[in-house]
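What follows is calculated from the coordinates using simple rules that are stated; it is not laboratory data. Remember, predicted model here, so these are calculated numbers, not experimental data. Neighbour counts run over all protein chains shown; Cβ positions are idealised from the backbone, glycine included.
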Amino acid sequence: MNDLEAIKPQLNKIQRTALGVGALATLGCLVGAFGNPAQFYQSYLFGYLFWIGLALGSLAIMSLHHMVAGGWGFAIQRILESCSRTLPLMALLFLPVFFGMKELYIWARPEVVAEDLILQHKSAYLNQTFFWIRAAFFFLVWFGFITAMNRWSLEQDKTGNASFSDKLRKIGGPGLLFYILTMSFASFDWAMSLDPHWFSTIFGFVFVLGQALLTLAFAIIVVAKLADRKPLVEVIAKKHFHDLGNLMLAFISLWAYVNVSQFLIIWSGNLPEEIPWYLHRMQGGWEWLGVGVVLFHFVVPFALLLSRRNKRRVQILARIAGAVIIMRLLDLFWIVAPNFREHGLGMHWLDLVAPLAIGGFWVAAFVWQLKGRALLPLHDPRLKEAFSHE
Amino acid sequence: MADQVLDKKEHSHHTGAPLIEPGHSYGSVTDKISSIVLTRKTPVAWFLGFSVAFLLLMVFLGSTAYLLMKGTGIWGLNVPVGWGFAIINFVWWIGIGHAGTLISAILLLLRQEWRTSINRFAEAMTLFAVAAAGMFPLLHMGRPWLFYWLMPYPNTMALWPQFRSPLVWDVFAVSTYATVSLLFWYVGLVPDFATLRDRTKNRWAQISYGILSMGWRGSAIHWHRYETAYLLLAGLATPLVISVHTVVSFDFAMGIIPGWHATIFPPYFVAGAIYAGFAMVLTLSIPLRKIYGLEDFITMRHLKNMAKVMLATGLIVAYGYMIEGFTAWYSGAEYEEFMILNRLTGPYKYVFWSLILCNVAVPQLIWFSKIQNSVVALFVVAMFVNVGMWLERFVIVVTSLHRDFLPSSWDMYSGTIWDWATYIGTIGLFLTLMFLFLRIMPAISIFEMRTLVTDDKKSKAE
């Protein structure tokens, strides 16, 4: 814990600033909500889908880490755990969506459904009651895995019992499996059904990979800040940043792969029930955002991360990770926002303020959680093994 | 050399099983693997297996000859089902090849040492599977001798292939795949050919292995260049693991046939390919280690790891089935809904439910450690997956086509005796090549196994 004392003042400062930003932005949101409630809910959902990616992506990467137990994973394990413990906050922050259902989802408006045969067909799935039952179920599953992983890791810190490592390793597979399953349907519910006529079977993977990539980039930035202090400075080596960089490269490539697959298949089929989703996003200014995402979410970071040098220099790697986080935000905007804007590219000031409001509280919660535990697992027998691998 | 012997592998975490049984040295590894080719008497099982395989190869020869005489009319194709066994078998074989590339390239880059004893014959399996796969599009052309028309080249007919067709992409994808796999396999064999050249007493074998080893002397420079080349080839082969089956999935998904046109197809096909491939590696390695007494090299840890990869990829495949079914309903598109109902309850429902049994239900047994530790059980599960993956392609191809948009053109499809003969014949082709490979080449990489014996530091870290 002594290692933490040294950086606590800085962490406290970040936490206070984040809370301040969150509170101020919340005020802005309130003002915006009175003026333009529909816009508020739309911006809020966009911000929410971004930030929950960090809480859930951490579940994915923790599961992966517990299965393979490499040095890179132990270096960021406590960061991931802190991310994941923000889930209760994110569950709470999901509630405002309840009040904006009709503003967000046209399938929730009875007068629209009454005139639409396809929506009537879908109403067995797309109805408000079932939507919230599913959401509760998703949170329950996520909460279960996240609690187990955090508790066992803490118990091991306290008791030094090696058997917890075995438990953690065993939960990794099911954790990943259930995360992918639930997140797929959550992405159908929360994002895909914004355009309730549109469907794409790969959409779940698009979200899962986006969240995993976002969390990894975030963890890289945090670990880069902590790397030159105790306790990480004693174990972390260039090799681990190299591994993290490679993993980010892999996620970026897979993200591109699923997106290209989705686009190519829908473009080639050119069916009236599928293609409008892309047509809308390829005109009225949205196409420039799309091209930007292709270039800076894939081409540039991919090229940069091919270089061994960039992956082994902590500061460069952290900067690439920062750019990836911004691109995650823009990619989500390109997916979500066109649903609400029929006349081309546009941005409301709430699209900035709402993510800031959620983000302020999220970062404060994250820092608060990070302070609570040692920055490296204390007694995991796999840790020594992993770091001696060099 | 005796002090080289290490038993530290026993500490390996996770499974507790070693990658190479304790008690081996440089010499014993080389002796054991090279003796299979050079000195040991060829086991009776080999002759038995080879005879059966060769017989099946003759079936292939016969059915191909008849096909060339009569044309593709001898197959069971009809009007709604214009793609039958030929594409099913093509995809099945290509898929099987994928495990070889994944084991040799991706696991190498991921520094997974357990790949070492299985990579050589898995790569051979890839090559032979691609050869078997290639037979089907060639034969389905009707005039296979004009295969080069698939290539874009300036010609007097002033015709170019349709570049927007994924079938043309397939030509490039598969031929690249075959070329890189062959190179990768051959480069990996060079140092071992040199070992065989130096050890054999037979003059003819000395000359043959000598030519194949391309003057390998084992100098430091040779090794240095070798390592660089091998790593580069691994980097080249890695995207191929994904690209080939992605393009194969495009053959279906780019069209607008309900049941084919689904965005999940690329990742789900790739996972299915790796799934089928690992099932085949298990199917081959379990008898191989038994017959040649290679349990020291292909240990339980290898079998368990392969089973786990199989389980993971199998779950992705199951995810694909589930999402496809859900979306067919969710889409609200009537043809999509009909297609999925027809699969579940139509005339081919038995094929569909057998596929679910083989690919989704049975492999869940791997969750139990009792199954993981039983060689026989793993072999049985792998056989289920081999069958299941064939059924999967049958379901995708046939149930999507046989009841198309116009009920008056609906028809049933089944393979004729010639379809089956050609299919079984390619199994003969595959097995014959595999048996010949086992007889004349080192089925396990000798020099890479030696690094497992000596790598003191790494084995401690294990």
Could you give the angle, 0 to 90 degrees to the nearest 10, between helix B:375-394's Cα long axis and the longest principal axis of the Cα atoms of chain B? 30
If we sort B:286-296, A:311-321 on the protection proxy, mean other Cβ atoms within 10 Å, highest first, what's the order? A:311-321, B:286-296
Take residue A:24 and residue A:130, extend 7 Å from each Cα along the Cα→Cβ direction, and tell me the distance between the two endpoints in nm. 4.5
Using square roots of five times the C-alpha gyration tensor eigenvalues, list the equivalent-ellipsoid semi-axes of segment B:100-140 in whole Å, biggest first. 27, 9, 4
Residues of B:257-266, mean number of Cβ from any other protein chain within 10 Å of their own Cβ, rounded to a whole number? 6
Hydrodynamic radius (Kirkwood) for segment A:107-157, which is based on Cα pairs only, to one decimal in Å: 13.4
To the nearest 20 debye, what charge dipole does segment A:2-385 have about its Cα centre, counting +1 at the Cβ of each Lys and Arg and -1 at the Cβ of each Asp and Glu? 1680
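Would you mind getting me the FRET efficiency between residue B:206 and residue B:228? Use the beta-carbon distance for r and R0 = 30 Å, nearest 0.05.
The computed FRET efficiency comes out at 0.55.
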Grab the beta carbon distance between residue B:52 and residue B:341, set R0 = 41 Å, and tell me the FRET efficiency rounded to 0.05. 0.45
Once amide hydrogens are built 1.01 Å from N within the peptide plane, the residues lying 5 or more places from residue A:105 or on another chain with amide H under 5 Å from its amide H are none
Ignoring everything except DSSP H segments at least 4 long, calculate the 222 nm mean residue ellipticity for chain B; use -39,500 (n - 2.57) per segment, divide by total residues, nearest 500. -22000 deg cm²/dmol
Per GNM of chain A with C-alpha springs under 10 angstrom, the most fluctuating residue out of A:365, A:124, A:75 is A:124
Length gained if residue A:291 through residue A:352 is fully extended, taking 0.36 nm per residue and subtracting the Cα-Cα distance, is 19.9 nm
Spherically averaged projected area in nm², based on the convex hull that wraps the Cα atoms of chain A: 18.9
Can you give the Rg to Rh ratio for the protein assembly as shown, taking only C-alpha atoms and Rh from Kirkwood? 0.98
Using only the alpha-carbon atoms, how far is helix A:203-226 inclined from the longest principal axis of chain A? Give it as 0 to 90 degrees, nearest 10. 40
Could you work out the local net charge near residue A:337, counting Lys and Arg as +1, Asp and Glu as -1, over the other residues with Cβ closer than 15 Å to its Cβ? -3
Partner shielding of B:329-338, as the mean number of partner chain Cβ atoms within 10 Å, equals 5
Output field shielding_mean for B:321-328 (other chain Cβ, 10 Å radius) holds 4
Computed over the Cα atoms, what is the radius of gyration of segment B:23-121 divided by 2.2 N^0.38 Å, N being its residue count? 1.65
Three principal axis extents, largest first, for the C-alpha atoms of segment A:301-380, in Å? 56, 36, 20
Would you mind checking the pairs A:238/B:32; A:230/B:308; A:167/A:238 and listing those with alpha carbons more than 31 angstrom apart? A:238/B:32; A:230/B:308
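Mind ranking A:203-214, B:386-397 by how tightly packed they are, going by the mean number of other C-beta atoms within 10 angstrom, highest first?
Answer by packing, highest mean first, reads A:203-214, B:386-397.
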Return one number: the angle in degrees, 0 to 90 and rounded to the nearest 10, between the long axis of the Cα atoms of helix B:166-199 and the longest principal axis of the Cα atoms of chain B. 20
Sort B:78-88, B:228-238 by packing, meaning the average of other beta carbons within 10 Å per residue, with the highest value first. B:78-88, B:228-238
Anyone know which of A:109, A:281, A:373 comes out most mobile in the 10 Å Cα GNM of chain A? A:109
Taking a 19 Å limit on the Cα-Cα distance, which of the listed pairs A:102/A:122; A:170/B:304; A:8/A:311 fall beyond it? A:8/A:311
For chain B the mean separation of alpha carbon contacts under 8 Å (6+ apart) over residue count, i.e. relative contact order in percent, is 33
Please arrange B:362, A:336, B:187 by counting, for each residue, the other beta carbons lying within 10 Å of its beta carbon, fewest first. B:187, B:362, A:336
Using a Förster distance of 30 angstrom, determine the FRET efficiency expected from the C-beta separation of residue B:256 and residue A:307, and round it to 0.05. 0.10
